[in-house]
Structure formats: structure tokens, C-alpha cells
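> Starting off with a structure, shown below.
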Amino acid sequence: MRQDSEGSADSHLLLNSLDTRQRCRRRVSDLLIPLLLLPFALALCVAFVARDARRVAAWMTAAAPLLGLALLAAMTPAILRGEIIHSRFAWAPSLGLSISLRLDGLAWTFAGLVLAIGALVVMYARYYLSTRDSAPRLYAYLLLFMGSMLGIVLAGNLILLLVFWELTSVSSFLLIGYWQHRRDAREGARMALAITGGGGLALMAGLLMLGQAAGSYELDAVLAAGDVVRTDPQYPWMLLLILIGIFSKSAQFPFHFWLPQAMAAPTPVSAYLHSATMVKAGVFLLARLHPALAGSDLFFYLVSTVGAVTLLIGAWQAIFQQDIKGLLAYSTISHLGLITLLFGLSTPMAVVAGLFHILNHAVFKASLFMAAGIVDHETGTRDMRRLGGLRHLLPFTSALAITASLAMAGVPLLNGFLSKEMFFAQTLDLADAHASMRTVLSVVAVMAGIFAVAYSLRFTVDTFFGKGPRDLDRVPHEPVRWMKIPVEILVVICLLVGMLPAWTIAPILQAAVRGTLGAAAPEYSLAIWHGFNLPLLMSMISTVGGVLLYLFLRRRLDLHAIEKESLGRRIFLAMGRAGAALARDASQKIINGSLQRSLAWLAICAIVVGVAPFVSGEAPLTWRTPQAMPLLGWVLWAMLVACTLAALRWYRRRLIALVLLGGAGLVVSLNFVFLSAPDLALTQLLVEMVSLPLLLLGMHYLPFRSPPERNNVRRWRDIAIALSAGAGIAVLAYAVMTRPAGGIGEEMLARSLPEAFGRNVVNVILVDFRGFDTFGEITVFGVAALLVHALLRRARMAPEKIMPGPPVALPVPADLAQIMFPLTLTVSFFLFLRGHNAPGGGFIAGLVLAVPLLIQYVIQGASSVESRFGFDYVRCIGVGLLLAGTSGVASWLFGVPFLTSGHLVLDLPVIGELELASAMGFDTGVYLVVFGGAMLILSMLGTIKPSLTQVAREGVIDPDRRSLRTGEVER
């Protein structure tokens with residue numbers, strides 16, 4: 001009995017221990033979402049900080065990496081135990097897709113790198129930026145990029161990884177082009193976006209093929225399916241596509257030329273993107289997918305060859321650069337090639353060496369970029385031809401920079417030496433099956449080591465020694481203390497890792513290796529001294545050879561007179577010019593600047609696409625016996641035909657044609673009423689009411705009459721296109737209206753109330769069943785309004801009058817329009833609040849609110865209305881999109897897919913039961929975007945100024961050309 005009781009007690013303790021461990025694991029996994037969302041949330045907050053509140057913006061920005069490191073620290077014990085932390089939310093369960101986050105040793109290491117270097121960069125940028133630069137904008141971009149990088153390393157799903165991969169390209173484009181006034185910044189940003197974005201498209205195709213081959217897009221399944229992937233017939237193509245994406249992001253040959261052009265970014269951006277994060281995204285993905293892709297001869301030869309070529313090209317080009325950041329950029333390319341070469345060797349120890357060098361390179365290269373920024377900040381130049389002797393003027397900064405450059409060269413007792421030794425050893429340890437490659441790669445490694453010492457000496461000697469500086473417009477001195485602290489921290493890490501690797505870097509490296517190789521992780525030790533061996537001999541040859549090469553080049557060549565322009569840059573720019581010329585020629589031949597021709601091509605393409613399924617027999621038309629149409633239906637149809645034919649008759653008289661088109665829209669609205677579709681009828685009516693003033697304002701800048709048609713061929717062409725398109729639309733409309741009852745429409749009617757908690761099926765479809773489509777539509781509408789704003793905010797033209805004679809003063813309608821606004825606002829709110837259960841909703845309510853303002857714009861003019869109301873329509877659009885997106889993302893907090901709606905019934909005193917649906921938040925976003933977009937377009941159309949040429953030529957504008965909105969002469 002006692003044994004049974006003891007066994008029962010032991011089992012009970014074991015169960016309690018397992019239950020406690022599971023609860024701890026759940027609590028830890030709950031930290032992944034805040035860790036990922038924190039930079040994005042703070043980026044949004046920082047974006048709204050005032051431009052002159054630099055300290056506030058810096059502290060808010062620094063909070064993201066610091067809090068992120070705290071969250072990462074809470075998960076560190078589990079990671080060091082070898083656990084993998086997961087967090088998963090359903091996205092499209094029917095397709096097997098989910099928002100899946102995964103933190104293992106590799107992701108933990110890179111997340112720590114992104115956050116730690118990011119915190120130091122934020123501190124450095126606080127003192128680097130000029131007061132003329134917008135610090136909140138730079139910090140917001142940095143946080144956006146930080147969140148995107150965290151998304152890449154934390155993604156547990158290939159599709160989610162692709163999303164964040166493209167976000168890094170977009171955010172890096174914004175960072176590189178931060179100084180928009182500089183041509184080199186704009187060119188570098190475009191080049192980086194084109195190369196990395198194009199590589200992202202190839203990566204997307206490759207990852208989709210990889211997911212299909214593995215049978216899942218979840219990373220756990222993909223990494224476990226390496227044997228299946230490598231035997232797949234499509235393996236060579238998927239490997240090539242994935243490697244194109246990796247090579248383009250990590251600046252590998254032949255895509256390496258974009259990285260030096262990106263040096264036009266501010267130095268904090270270079271220190272972050274191009275040493276520790278963005279260019280590391282490619283090699284991170286190479287490490288992440290190593291178990292699935294590596295192990296084949298194709299992988300070995302392709303990856304190691306590209307890495308070796310990049311290693312040599314980058315190192316050789318670095319020697320001849322005149323700009324400090326240019327030298328560091330090419331050295332970065334070389335080191336990335338070294339890392340790629342190590343991963344290409346595919347042996348477990350080569351992977352260890354590659355991961356080790358990723359960490360070492362991030363530390364010493366970030367410190368070097370920051371030191372280069374200090375030199376630029378204090379001297380006003382990065383041109384080594386104008387520098388020299390700075391060790392006397394910037395002694396402390398010089399010591400830091402020289403130490404970091406020695407780490408880059410691989411000098412003993414610094415971190416770069418250890419990973420360089422491991423690199424040499426791995427090129428010598430290749431199997432006999434690759435004996436020829438072993439010899440070649442060993443020679444390549446020694447040559448790269450020689451070049452690395454040479455360009456490190458070039459940076460050190462030309463910047464801090466010798467005579468100089470020359471032709472500076474200021475006297476250099478040491479920067480403020482806080483600007484040097486990040487460099488000091490990084491240099492101290494270089495020293496500690498170089499002298500005490502087992503006590504400093506070993507646990508981090510072990511976690512990364514375990515997360516990459518899993519059970520295949522090898523046994524190894526980090527030590528300063530491994531005895532006299534071939535890697536040590538190679539290192540000695542590299543050091544001595546590098547010194548001799550530098551002295552030889554300096555004696556035989558004038559390094560300061562050599563100007564090397566990137567061949568890749570020249571090819572890229574030539575291809576860009578050729579592509580632009582080709583597009584321009586094609587556009588001139590197809591479109592020729594004629595709006596009629598553009599519309600004709602558009603209509604012809606639509607007709608062809610619409611007819612194709614019926615001609616091929618894939619979509620046969622089925623006809624039902626129609627119902628008899630009552631007399632009212634025939635009357636409405638006759639009115640519609642009459643308005644259409646009258647518009648064709650008087651199309652040259654634009655105002656009359658516009659009125660007739662409005663009449664046709666009104667009849668369409670009445671048809672919707674006749675067919676018992678009040679939502680559609682109200683929407684159509686409001687669209688007509690809004691579009692009529694917009695078109696009137698547009699016509700304000702056009703001649704009163706359209707020019708006569710002088711080409712009969714064009715006239716008959718337009719008639720044929722119009723008849724074909726109209727007949728096609730009529731047939732499709734008839735086929736839809738005579739379809740049998742049932743199908744998806746009946747299903748939505750049945751599911752609207754019990755599942756979406758709404759009685760108005762039309763609104764439920766818009767904000768729930770097809771809410772994602774609606775979100776895309778309001779995004780397009782907002783972008784269109786912003787495009788109109790961008791095009792017209794500085795436009796100038798001479799307005800023409802749309803009718804003869806001066807405008808008539810209308811003071812009473814103007815007052816009535818002003819009085820109507822509170823009433824219309826009340827009606828708008830009423831329609832918005834009832835929209836989920838009765839005709840109304842955000843779209844209709846937004847249009848209703850726009851109508852009285854439209855009337856006032858037309859009668860009183862834009863300046864009069866905006867001086868009293870003062871709406872910021874651009875911000876209104878942004879807030880609306882943000883609110884709609886946030887309401888959709890909030891669904892994830894409850895473990896349901898994006899934009900899933902919820903329902904709540906409150907029993908309030910006096911009021912009684914109050915039903916609330918979460919879709920109201922999304923509908924509020926629709927409301928704001930529709931109102932802000934319509935009013936922004938109207939505002940821009942109403943404020944176009946006369947051309948400066950006309951004002952200069954005439955001096956005073958003809959009173960007959962005064963504004964039809966205000967009756968005042970516009971200048």
C-alpha cells in the first residue's frame with residue numbers, strides 16, 4: 001500500500017510539474033506577439049511627434065528595442081534549454097495558412113542582434129542628425145524597418161516571412177532616400193528597391209514551390225522535409241529562385257552593386273541596415289533554410305562559387321575607394337560573400353563558422369560605420385583624400401576606429417581573428433570528393449585575407465595618420481560623450497569576444513547553431529590558441545601579404561587619383577534609361593496623349609476579356625423565362641434610354657451632357673428602388689449628388705464646348721466600341737438577373753443575422769463577409785484621393801468659363817447650405833448607426849456628410865469653407881484606414897481570423913438593450929475614408945491657381961475669367 005501511495009504521489013508530482021511547464025510555455029509564447037508589434041506601434045506614435053521634439057522622439061524610439069530586449073530576456077531560459085517557442089493564429093484555415101510565429105535559437109540570436117544594435121543606433125542618431133533633419137521621420141522609418149526584420153526572423157510560416165521580407169525592402173527604400181533633396185539618395189533608394197524587390201519576386205516563387213514540395217508552408221514541416229525537397233523534380237528551379245532572392249538582399253554577385261549606392265543614406269541608417277540587419281536578412285534565410293536546401297552538389301557549387309566571387313570582388317574594390325563609407329560598403333560585400341561561402345560548404349562546422357562571423361561582422365562593422373559618421377560629422381567630409389592626421393584632433397575616436405578596423409582585418413585578440421581562423425580551417429577540411437574546390441577555396445581565402453588587411457590599412461592610415469586634414473571648413477574636435485558611447489560598447493565587445501570567447505559569445509553561438517542544425521549540431525570549442533597549424537599559417541600570410549600589398553600599391557600607384565565606378569551601376573542606369581525610352585515610345589504609339597485613345601484601348605481590352613469565356617464555351621449562358629415587367633418598369637426604362645440618347649445628341653455641350661448623365665444616374669437609382677434595393681438606390685443617388693459638383697469643378701477648367709469630331713473613322717470606331725460594350729453589359733446584366741434563385745446569395749441571407757448579427761445583408765456583406773475586399777477598395781479610394789492631392793496641390797492653369805456671363809451672387813443658398821450642415825451631420829450619424837440592421841452604413845453616411853460641404857464649395861469657394869471648418873482631409877483618410885485595419889487586427893486577440901466580427905448586447909438603464917457589433921469600428925474607418933477622400937478631391941479641384949505665365953503676360957486676369965465659385969478674380 002505504501003509503495004502504491006508513493007507511486008501515486010510521484011505521478012501526481014510529475015503531472016503537476018508537466019502542467020506547470022505547459023503553463024510557463026504558454027505564458028512565454030504570449031510574449032511573441034508584443035515583441036513583434038512593439039516597433040510598429042511605436043513607429044506610429046513617433047510619426048505624430050512634433051519635428052522639434054527630438055528628445056521625446058528619441059526616447060520613444062529607444063523604448064522599442066529596450067522593451068523588446070526585456071521580452072526576449074524573459075524567453076531566454078527556454079531558448080537556452082533548446083526549446084522552440086510557438087505562437088499561432090488562424091488566418092485562412094481552409095488553405096492551411098496561419099499567422100505563425102516561431103522562436104528558436106537562430107531567431108533568438110538574430111532578434112537580439114536587431115534589437116541591441118537598433119538601441120545603439122537610436123542613441124547614436126540622436127546626436128548625429130542635424131537640426132534641419134526631421135528626427136521623428138527617421139525614427140519612424142527605423143522602427144518600421146526594425147519590426148520588419150523581427151517579422152522575418154520570427155516568422156514560422158513561409159508566406160508570413162515573404163510579407164515581412166517585402167516590408168524590409170519598402171522600409172529600407174524610405175531610409176536610404178531619407179535625404180530626399182539629394183540626387184544620390186534618390187538614386188540609391190530606387191536601385192535598392194528595384195534589386196531587392198525584384199529578388200523578392202523570385203523568392204516568392206521559390207518559397208511557394210518549396211511549400212508545395214514540403215506539403216506545408218509551416219517552417220517546422222519545411223525544415224523536417226529536407227530529403228523530400230531535395231528529391232523533388234523542381235528542386236533545381238526552387239533553389240535557384242530562392243537563392244536569387246537571398247543573393248539580391250545580401251548584395252551577392254552579380255547583385256552587389258546596389259549596396260555602395262545605398263551609402264547615400266545617413267550614417268545611422270548605414271550602421272543599422274548595411275552591417276547588422278538588412279544585408280544580414282539574406283544570410284539569415286540561407287541559415288534558416290539550410291536543413292531543407294543544403295546537402296546537394298548543386299547547392300554546394302552554386303552557393304560557394306557565388307560567395308567566393310563576391311568575397312574577392314568586394315575586397316579588391318574596397319581598396320580603391322575614396323569615400324570611407326564606400327570602402328566599408330565594399331568590405332561589407334566581401335564579408336557577406338565570406339559568410340555565403342561558408343554556408344555553401346554545407347558542413348556543420350562551416351555553418352558554425354558562418355554564424356560566428358555574422359555576429360562578429362555585425363559588431364565591428366556597426367562600430368566602423370559609426371566612427372565614419374563621427375569623422376563626417378566633425379570634419380564635414382568622408383573623402384580620404386582630404387583627411388589624414390585625425391589621431392591628433394580626434395584621439396579617442398581614432399583609437400576606437402583603429403581597434404574596430406583591426407578586428408575587420410582579423411588581427412589576434414579581436415573577434416574577427418577567431419571567425420577568420422575558422423574560415424581558413426573549413427576551406428582546408430573539405431572532403432576528398434571536392435579536392436579541387438578545396439585548393440581553389442583555400443587560395444581564395446588567403447587572397448581575401450590579404451585584401452582585407454590592405455583595405456583596413458587604407459582606411460586607418462589615410463584617415464588617422466599622415467599629413468592632414470586638408471581643405472576643411474571647420475576645426476575637427478571630439479563629439480559629445482553620448483555619441484561615442486555606442487562605438488565604445490561595440491569596440492569593447494570586439495575585445496572581449498576576441499580574448500574571452502568561451503565566456504562571452506559561446507552561449508549565444510551555441511543557441512544559434514542548435515536552432516540552425518538541430519540534432520546535427522557539432523561539438524566545437526572557441527579558443528584563442530589552437531597551436532601552430534595551417535590556418536594560423538594562412539592567417540600570418542594574409543597579414544604580412546596585406547601589409548606588403550598596401551605598401552606596394554601606395555608606392556607604385558596614386559591611390560587618391562584612382563576613381564572606380566561600379567560596372568553594375570552603369571549597366572543598371574543604362575537599362576533604366578533604355579526601359580524608360582522603350583516605355584515612352586510604346587506609350588506614344590499606343591496612347592499618344594489622347595484620352596479618347598486611352599479609353600478606346602481600355603474598352604477594347606475589357607470587351608475581349610469579357611467575351612473570351614463565352615467564346616471558349618467555359619461560361620455558357622443559361623436563360624430563364626423572364627417575368628412580365630409592370631408599366632412603371634417600362635416608364636423608368638424609357639426615361640433611361642431617353643437620357644442616354646439625349647446625352648449622345650448634345651455631347652459637345654458639356655454642361656447639358658452632364659445634366660443628362662445625372663438624370664440617367666437618377667433613373668438608375670429609381671430602378672433600384674423599383675427592384676427593392678434601397679441600399680443601392682441610396683448609394684447611387686448620393687454618388688450622383690457628389691459626382692455632379694466634382695465634375696462641375698473639373699469642367700471649370702475646360703472649354704465650354706467639346707471640339708467637333710473631324711475624323712469619320714474615329715467616330716465609327718467609337719460607335720462600334722460603344723455598341724459592343726453596351727450589348728455585352730446588357731447581356732451579362734440580363735443573365736445575372738434571370739439566374740435561378742439560391743446559390744451564394746441565399747447563403748448570405750441565411751447567415752447574415754445568426755453569424756454577423758446584422759439584418760441589413762448588403763452592409764453585412766461589405767463589412768463582414770467581404771470585409772477584406774472593402775478594405776482594399778477604401779485603400780484604393782484613399783490612394784486615388786492622395787494622388788489627386790499630389791498632382792494638383794501645385795498645379796496652375798488658366799480657368800475657362802463653362803457658360804457665358806458673370807456668375808450670379810447667391811447669398812441665400814449659401815446661408816441655407818451652411819444651416820444644412822448640422823442637420824446633414826445628424827442624418828449622417830443616423831444612417832451610420834443604423835447601417836448594420838437597416839439601409840445605411842459607413843459608405844452612405846460618408847457621402848451624406850460630404851453633400852452640404854460640396855454645395856458650399858461650389859457656391860462659396862474652397863477658401864471660404866476651409867477657413868470655417870478647417871478639416872484635414874489627408875489625416876482623415878489616414879485615420880480611417882488605420883481604424884479599419886486596427887479593427888480587423890483586433891480579431892487576432894480573440895484567436896479568430898482577420899476582420900472577424902463580434903457581437904455584444906448591453907442592457908442599459910432607460911435605453912434598454914443596445915446591440916453592438918465590432919464591424920462598427922471597421923465601418924467607421926470606411927466612413928472617414930469616403931468622406932475624407934471625396935472632400936480632398938473636391939478641395940484640390942477648387943483651389944487650382946492660374947498659370948504664372950498668364951499672370952506675367954497679362955498682368956491682370958480678365959474679369960470675364962473670374963471664379964464661378966466665388967465671383968472673385970483669381971490670381
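The values are calculated or read from the model by the stated rules, or taken from the named source; none is laboratory data. Every value quoted in this text rests on a predicted model; they were computed, and no experiment measured them. All Cβ positions, glycine included, derive from the backbone under ideal geometry; neighbour counts span all protein chains shown.
> I want to confirm something. Restricting to region 79-130 and keeping residues that are of a type in the set (Ser, Thr, Tyr), closer than 23 Å to Met60 by Cα and in contact (Cβ under 8 Å) with a residue 12 or more places away in the chain, which single residue is surrounded by the fewest Cβ atoms within 10 Å (Cβ to Cβ)? Walk me through how you get there before you give the answer.
Looking only at region 79-130, we keep the residues that are of a type in the set (Ser, Thr, Tyr), and these are 87, 94, 98, 100, 109, 124, 127-128, 130.
Filter again for closer than 23 Å to Met60 by Cα, leaving 124, 127-128, 130.
After this cut, where a residue has to be in contact (Cβ under 8 Å) with a residue 12 or more places away in the chain as well, the list is 124, 127-128.
Working: Tyr124: 26, Tyr127: 20, Tyr128: 22.
So, considering only residues that are of a type in the set (Ser, Thr, Tyr), closer than 23 Å to Met60 by Cα and in contact (Cβ under 8 Å) with a residue 12 or more places away in the chain, the one surrounded by the fewest Cβ atoms within 10 Å (Cβ to Cβ) is Tyr127.
> Take Asp383 and decide whether it is touching a strand residue (DSSP E or B) at 6+ places or on another chain (Cβ under 8 Å) and either in the same structural domain as Val480 (by TED's automatic domain parsing) or surrounded by fewer than 22 Cβ atoms within 10 Å (Cβ to Cβ) (or both).
Values: touching a strand residue (DSSP E or B) at 6+ places or on another chain (Cβ under 8 Å): yes; either in the same structural domain as Val480 (by TED's automatic domain parsing) or surrounded by fewer than 22 Cβ atoms within 10 Å (Cβ to Cβ) (or both): yes.
Criteria met by Asp383.
> Within region 567-596, how many residues turn out to be aliphatic (A, V, I, L, M) and not in a helix (DSSP H, G or I)? Even if it seems obvious, please write down each step before you answer.
First, pick out the residues of region 567-596 that are aliphatic (A, V, I, L, M): 567, 571, 573-575, 578, 580-583, 586, 590-591, 595.
Pick out the ones that are also not in a helix (DSSP H, G or I) and you get 591.
Summing the residues that are aliphatic (A, V, I, L, M) and not in a helix (DSSP H, G or I) in region 567-596 gives 1.
> For region 656-692, enumerate the residues that are touching a helix residue (DSSP H, G or I) at 6+ places or on another chain (Cβ under 7 Å) and over 17 Å from Ile844 (Cα atoms).
Those that are touching a helix residue (DSSP H, G or I) at 6+ places or on another chain (Cβ under 7 Å) and over 17 Å from Ile844 (Cα atoms): Ala657, Leu658, Leu660, Leu661, Gly662, Gly663, Ala664, Val667, Asn671, Phe674.
> Restricting region 245-274 to residues that are hydroxyl-bearing (Ser, Thr, Tyr) and closer than 13 Å to Gly337 by Cα, which is surrounded by the fewest Cβ atoms within 10 Å (Cβ to Cβ)?
Going residue by residue through region 245-274, those that are hydroxyl-bearing (Ser, Thr, Tyr) are 248, 250, 267, 270, 272.
After this cut, where a residue has to be closer than 13 Å to Gly337 by Cα as well, the list is 248, 250.
Details: Ser248: 26, Ser250: 29.
Filtering first and then ranking leaves Ser248.
> Here's a follow-up. Just checking, which of Val163, Val122, Val153 is in contact with a Gly (Cβ under 8 Å, 6 or more places away or on another chain) and part of a helix (DSSP H, G or I)? Steps first, answer last, please.
Working: Val122 fails: in contact with a Gly (Cβ under 8 Å, 6 or more places away or on another chain); Val153 fails: in contact with a Gly (Cβ under 8 Å, 6 or more places away or on another chain).
Of the residues listed, the single one that is in contact with a Gly (Cβ under 8 Å, 6 or more places away or on another chain) and part of a helix (DSSP H, G or I) is Val163.
> Hey, another quick one. Give the residues of region 505-539 that are outside any loop (DSSP other than H, G, I, E, B), surrounded by 12 or more Cβ atoms within 10 Å (Cβ to Cβ) and either without any contact (Cβ under 8 Å) to a residue 60 or more places away in the chain or of a type in the set (Ser, Thr, Tyr) (or both), sorted by residue number.
Hits for region 505-539 are Ala506, Thr516, Leu537, Ser539.
> Going by the conditions given, is Ile176 surrounded by fewer than 24 Cβ atoms within 10 Å (Cβ to Cβ) and modelled with pLDDT under 95? Give the derivation first.
Numbers: surrounded by fewer than 24 Cβ atoms within 10 Å (Cβ to Cβ): no; modelled with pLDDT under 95: yes.
Taking the combined requirement at face value, the residue does not satisfy it.
Let's see how each residue does on (1) in the same structural domain as Leu355 (by TED's automatic domain parsing); (2) more than 18 Å from Lys365 (Cα to Cα); (3) at pLDDT 90 or above; (4) not in a loop (DSSP other than H, G, I, E, B):
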{"position": "Ala399", "(1), (2), (3), (4)": "yes, no, yes, yes"}
{"position": "Ser405", "(1), (2), (3), (4)": "yes, no, yes, yes"}
{"position": "Met408", "(1), (2), (3), (4)": "yes, no, yes, yes"}
{"position": "Pro412", "(1), (2), (3), (4)": "yes, no, yes, no"}
{"position": "Met422", "(1), (2), (3), (4)": "yes, yes, yes, yes"}
{"position": "Gln426", "(1), (2), (3), (4)": "yes, yes, yes, yes"}
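> For region 325-346, check the following and say yes or no: at least one residue is touching a strand residue (DSSP E or B) at 6+ places or on another chain (Cβ under 8 Å) and closer than 19 Å to Ala262 by Cβ. Walk me through it before giving the result.
Filtering region 325-346 down to residues touching a strand residue (DSSP E or B) at 6+ places or on another chain (Cβ under 8 Å) leaves none.
No: region 325-346 contains no residue that is touching a strand residue (DSSP E or B) at 6+ places or on another chain (Cβ under 8 Å) and closer than 19 Å to Ala262 by Cβ.
> Another question, if that's okay. Scanning region 12-61 for residues that are in a helix (DSSP H, G or I) and in contact with a strand residue (DSSP E or B) (Cβ under 9 Å, 6 or more places away or on another chain), which turns out modelled with the lowest pLDDT?
Of region 12-61, the ones in a helix (DSSP H, G or I) are 12-29, 32-47, 54-61.
Now restrict to residues that are in contact with a strand residue (DSSP E or B) (Cβ under 9 Å, 6 or more places away or on another chain): 25, 28-29, 32-33, 35-36.
Numbers: Arg25: 57, Val28: 71, Ser29: 74, Leu32: 90, Ile33: 89, Leu35: 92, Leu36: 93.
Per the criteria, the residue is Arg25.
> Something else about it: Is there any pair linking a residue in region 916-937 that is surrounded by fewer than 24 Cβ atoms within 10 Å (Cβ to Cβ) to one that is part of a strand (DSSP E or B) and at pLDDT below 85, with Cβ under 7 Å and at least six apart or on different chains, and which?
Leu916/Leu904; Leu916/Leu906; Ala917/His903
> Next question. Here is a list: Ile590, Ile604, Ile571. Which entry is at pLDDT 80 or above, aliphatic (A, V, I, L, M), surrounded by fewer than 14 Cβ atoms within 10 Å (Cβ to Cβ) and not assigned by TED's automatic domain parsing to the domain that holds Met384?
Working: Ile590 fails: at pLDDT 80 or above; Ile604 fails: surrounded by fewer than 14 Cβ atoms within 10 Å (Cβ to Cβ).
From the options Ile590, Ile604, Ile571, the qualifying one is Ile571.
> Please find, among Ser691, Ser669, the residue that is more than 16 Å from Arg653 (Cβ to Cβ) and either at pLDDT 85 or above or charged (D, E, K, R) (or both). Can you show your working first?
Values: Ser691 fails: either at pLDDT 85 or above or charged (D, E, K, R) (or both).
The unique qualifying residue is Ser669.
> Can you tell me which residue within region 453-502, out of those that are over 39 Å from the mean Cα position of the chain (by Cα) and within 16 Å of Leu359 (Cα to Cα), is surrounded by the fewest Cβ atoms within 10 Å (Cβ to Cβ)?
Restricting to residues being over 39 Å from the mean Cα position of the chain (by Cα) and within 16 Å of Leu359 (Cα to Cα), the top hit is Ala502.
> Can we say Val170 is closer than 30 Å to Leu142 by Cβ, surrounded by fewer than 19 Cβ atoms within 10 Å (Cβ to Cβ) and not small (Gly, Ala, Ser)? Before you say what the answer is, go through the steps one by one.
Working: closer than 30 Å to Leu142 by Cβ: yes; surrounded by fewer than 19 Cβ atoms within 10 Å (Cβ to Cβ): yes; not small (Gly, Ala, Ser): yes.
Yes; evaluated as a whole, the condition is true for this residue.
> Among the candidates Asp220, Asp184, which residue alone is surrounded by fewer than 17 Cβ atoms within 10 Å (Cβ to Cβ) and either aliphatic (A, V, I, L, M) or more than 30 Å from Leu573 (Cα to Cα) (or both)?
Details: Asp184 fails: either aliphatic (A, V, I, L, M) or more than 30 Å from Leu573 (Cα to Cα) (or both).
Residue meeting the stated conditions: Asp220.
> Return the residues of region 734-776 that are part of a helix (DSSP H, G or I), under 20 Å from Val926 (Cα atoms) and charged (D, E, K, R); say none if nothing qualifies.
Asp768, Asp773
> Looking at region 440-449, can you tell me whether even one residue there is loosely packed, with under 15 Cβ neighbours inside 10 Å, in contact (Cβ under 8 Å) with a residue 12 or more places away in the chain and among the polar types (S, T, N, Q)?
Scanning region 440-449, I find no residue that is loosely packed, with under 15 Cβ neighbours inside 10 Å, in contact (Cβ under 8 Å) with a residue 12 or more places away in the chain and among the polar types (S, T, N, Q), so the answer is no.
> Please name all residue pairs, on different chains or six or more residues apart, with Cβ atoms under 8 Å, provided the first residue is in region 457-473 and is closer than 16 Å to Ile374 by Cβ and in a loop (DSSP other than H, G, I, E, B) and the second residue is modelled with pLDDT of 85 or more and hydrophobic (A, V, I, L, M, F, W, C).
Filtered contacts from region 457-473: Pro469/Leu387; Pro469/Leu390; Pro469/Leu393.
> Right, something else. When you go through Ala681, Ala741 one by one, which is the residue that is of a type in the set (Gly, Ala, Ser), at pLDDT 80 or above, out of contact with any Cys (no Cβ under 9 Å at 6 or more places or on another chain) and not assigned by TED's automatic domain parsing to the domain that holds Gly841?
Details: Ala741 fails: at pLDDT 80 or above.
Exactly one of Ala681, Ala741 is of a type in the set (Gly, Ala, Ser), at pLDDT 80 or above, out of contact with any Cys (no Cβ under 9 Å at 6 or more places or on another chain) and not assigned by TED's automatic domain parsing to the domain that holds Gly841, namely Ala681.
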